[in-house]
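A short worksheet on the structure shown next.
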Amino acid sequence: MSIREKMSIKPTAQYERHNQILERLNSGEILSITELSREWDIQTKTLQRDFKKLMEGSYGVIRADDGKRFSISKKKTTSKEATTAVNMLDSLSKDIGGKFYIKAKTALSNIQSHIESPFYTRIDVEDISDKMNLVQQLEIAISKRKMVTFKYKRWYKPDDIKIYEGVKPYKIVIFDGFFYLFCQHNDYYPKFYLKEMSAIVVSDETFEYKDKVLSSIEKAQDIWFDPSKEPFEVILYLDNTARVYFERKPIKGQSLKKYENGSCELTTYMTNKEEVFSILKRWLPHIKVIEPPELQKEFDIMLNEYVNF
């Protein structure tokens, strides 16, 4: 959507107004509160508050030469914090590698002319360079809330390609270094592995997001989360070795109750027992389930079966 097309859409939320104002200023426009008030049918006091916040931020918004309108400062420079963020993004994209890094490097170079990053990162994220066109199509569908159709190769039936129609895409998510499309299909909320998707077609048919489902993504521990289920309380016992890690890198929604011997209880909420099991597997033998106790019993059975395999 072009800037002119966006101009015809009345921005009702504050963040929408701020985004449109900044986009237009960065494109070279000089904006007037009075003119925007008429264009968007919004009170001038509301826009005055918007410009005040934008001028107080690090966006480079200043008064124009006439003292009445607003523009972007030509002297605007990238802050040290922003430069650090660019360096980190460069290092992260390099770790993904392939064509993805080539494209990301070009985009980042537009922000910073020369990158000599002091950061070295090692994240196990798969290379999806060969799926960039698919990702771009999904990006369009998600931003415009358009349904999609695609072919999917299921790992347990590699010779049986299934076609999924009327899929409502919510987000592209990364769990354990793998890319998935989190979406709604009929009354289910599957996670499709991106590398097994092909022949995507973006429909003209739109849909509405379910806010509860979207918020569930923010609380998900891993790919096993289930937005159709109510979260249940999980209490884990951590010894001193595991406690240090969870203090450094908390899982979502955790609270810790520490004991004098260095161990602790970790309380959080999950939607699927597999979320719990994936944490247990990673931290054996330094962790166990306190509540709900039946999960620890089921996990013990799994361990015994493995030992006796």
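Any read-out appearing in this document is the output of simple, stated calculations on the displayed coordinates, not a laboratory observation. Fair warning: this is a prediction, and the values are worked out from it, not measured in the lab. Cβ: placed from backbone, ideal geometry, glycine included. Neighbour counts: every protein chain shown.
Each residue of region 206-217 in turn: what ³J(HN,Hα) in whole Hz from Karplus with 6.51, -1.76, 1.60 and θ = phi - 60°, glycine and Pro shown as x?
Computed from phi, the couplings for region 206-217 are 9, 8, 10, 5, 9, 4, 4, 5, 4, 5, 5, 5 Hz.
Once phi is turned into θ = phi - 60°, what whole-Hz ³J(HN,Hα) does the Karplus curve with 6.51, -1.76 and 1.60 give for every residue of region 234-250, x standing for Gly and Pro?
Those phi angles translate into 10, 10, 10, 8, 10, 7, 4, 5, 6, 4, 4, 5, 5, 6, 6, 9, x Hz.
According to a simple spin-label model (label point 7 Å from Cα along Cα-to-Cβ), what is the distance in nm between F207 and N240?
Placing both labels 7 Å beyond Cα along the Cβ direction yields 5.1 nm.
List, in order, the whole-Hz ³J(HN,Hα) value for each residue of region 270-284 obtained from phi through the Karplus relation with A = 6.51, B = -1.76, C = 1.60 and θ = phi - 60°; use x for Gly and Pro.
Listing the rounded values in order: 9, 10, 9, 4, 5, 4, 5, 4, 5, 6, 4, 4, 6, 10, 4 Hz.
Amide H of W224: which non-local residues (sequence gap of 5 or more, or other chain) have their own amide H closer than 5 Å, using H built in the peptide plane?
none
What is the diffusion coefficient of region 3-72 in µm²/s, taking the Kirkwood radius over Cα pairs and the Stokes-Einstein relation at 4 °C with a viscosity of 1.567 mPa s?
In µm²/s, the coefficient rounds to 108.
Between F175 and residues 5 or more places away or on another chain, which pairs have amide H atoms under 5 Å apart, with H built 1.01 Å from N, and which residues are they?
For F175, the qualifying residues are Y180.
Starting from the Cα of K288, draw a straight line to each of the aspartates and glutamates and keep only those under 15 Å, dropping any in the same chain fewer than 8 residues away.
Once the sequence-local aspartates and glutamates are set aside, what remains near K288 is E233, D239, E265, E274, E275, E298, D300.
Write down the Kirkwood hydrodynamic radius of region 232-307, to one decimal in angstroms, obtained as one divided by the mean of 1/r over all alpha carbon pairs.
So the Kirkwood estimate lands at 12.6 Å.
Search the structure for amide H atoms under 5 Å from the amide H of S203, placed 1.01 Å from N in the peptide plane, and list their residues when 5 or more places away or on another chain.
Correct list: M147, V148, T149.
Please work out the FRET efficiency for the pair K10 and I217, using the Cβ-Cβ distance as r and a Förster radius of 35 Å; give the result to the nearest 0.05.
0.80
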